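Novice: Sharing a structure, written as structure tokens. Questions coming.
Read the figures in this text as sums done on the coordinates, not as results from a lab. Everything quoted here is computed from the prediction, not taken from an experiment. In this analysis, Cβ positions are derived from the backbone assuming ideal geometry, glycine residues included, and neighbour counts consider all displayed protein chains.
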Amino acid sequence: MKTLVALVAGLSILGGGPAHAAPAGCPALLAHQFPRLQDEKPQDLCQYAGRVVLVVNTASFCGFTPQYKSLEALYEQHRGRGLVVLGFPSNDFGAQEPGDGRQIAEFCENTFGVRFPMFTKSRVAASAGPALNPLFAELARRTGQAPRWNFHKYLVARDGQAVQSFASDVDPSDAAFVRAVERLLESK
């Protein structure tokens, strides 16, 4: 995994170019740009600096897909306090996200009312090699846990340094998970 992380450390999901330098106040973890799901317009993750960030790899045809509802509810309940949920569709596990960006966006919005930021489909499995999403490479490096299935969650503290990993079967409405989110939201 170390070699893989080193290989992708300088890559950006936008065509494999170098990652951009983080502006002052932006943690290195967020110094990436990814295309937004709906229109593929590049989005700078530095805009989320200072917030509690929940990063999750998603899929439309998975047994965990109903977690979209819990993710959206958590986002709506806590976004005013500084929580942002970032969804990254992936077809890496069980080929459960076969659609294109338009299909994924329509499914998420029409089926679960998803309003939290979503990005274009990317590779998140450790086996993805050079195609591995660099944000997921760094999250896996920091926690020692790469996604093993859809809806793996990473909870990032406001400082962009502390990261917790949660398995796919942990629903975002789970009381212990909600407490972990609330503890981070209380930390300034």
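Novice: Mind sorting Thr120, Thr58 by how few other Cβ atoms lie within 10 Å of their own Cβ, fewest first?
Specialist: Thr120, Thr58
Novice: In percent, what relative contact order does segment 80-188 have, based on Cα pairs under 8 Å that are 6 or more apart in sequence?
Specialist: 21 percent
Novice: Quick check on segment 2-186: take the gyration tensor over C-alpha atoms, sort the square-rooted eigenvalues as a ≥ b ≥ c, and tell me if it's rounded (a/c under 1.5), prolate or oblate.
Specialist: Judged from the Cα gyration tensor, segment 2-186 comes out rounded (a/c under 1.5).
Novice: Still on this structure, please answer the following. With n ≥ 4 as the cut-off for DSSP H runs, can you work out [θ] at 222 nm for the chain, using -39500 (n - 2.57) per run divided by the number of residues, rounded to the nearest 500?
Specialist: Computed ellipticity for the chain at 222 nm equals -8500 deg cm²/dmol.
Novice: Here's a follow-up. Taking a Cβ-Cβ separation under 4.7 Å as the criterion for a possible partner, which cysteines of the chain have none?
Specialist: Cys62, Cys108
Novice: Which order results if Lys69, Lys41, Lys121 are arranged by neighbouring Cβ count within 10 Å, fewest first?
Specialist: Lys41, Lys69, Lys121
Novice: In what sequence do Val181, Val85 fall when counting other Cβ within 10 Å, fewest first?
Specialist: Going from sparsest to densest Cβ surroundings: Val181, Val85.
Novice: Mind putting a number on the dipole of segment 2-186 about its Cα centre? Charges go on the C-beta only, +1 for Lys and Arg and -1 for Asp and Glu, and I need it in Debye to the nearest 20.
Specialist: 400 debye
Novice: Leu132: net charge of surrounding residues, Cβ under 12 Å, Lys/Arg +1, Asp/Glu -1, itself excluded?
Specialist: Neighbourhood net charge equals 0.
Novice: What does the charge count near Arg79 come to, summing +1 for each Lys or Arg and -1 for each Asp or Glu among other residues with Cβ under 11 Å from its Cβ?
Specialist: That works out to +1.
Novice: Taking the Cβ-Cβ separation of Gln77 and Gln33 as r and a Förster radius of 30 Å, what is the calculated FRET efficiency to the nearest 0.05?
Specialist: After rounding to 0.05, the efficiency reads 0.60.
Novice: For the chain, please report how many Lys pairs fall under 27 Å Cα to Cα, leaving out neighbours fewer than 8 apart on the same chain.
Specialist: Counting lysine pairs in the chain gives 9.
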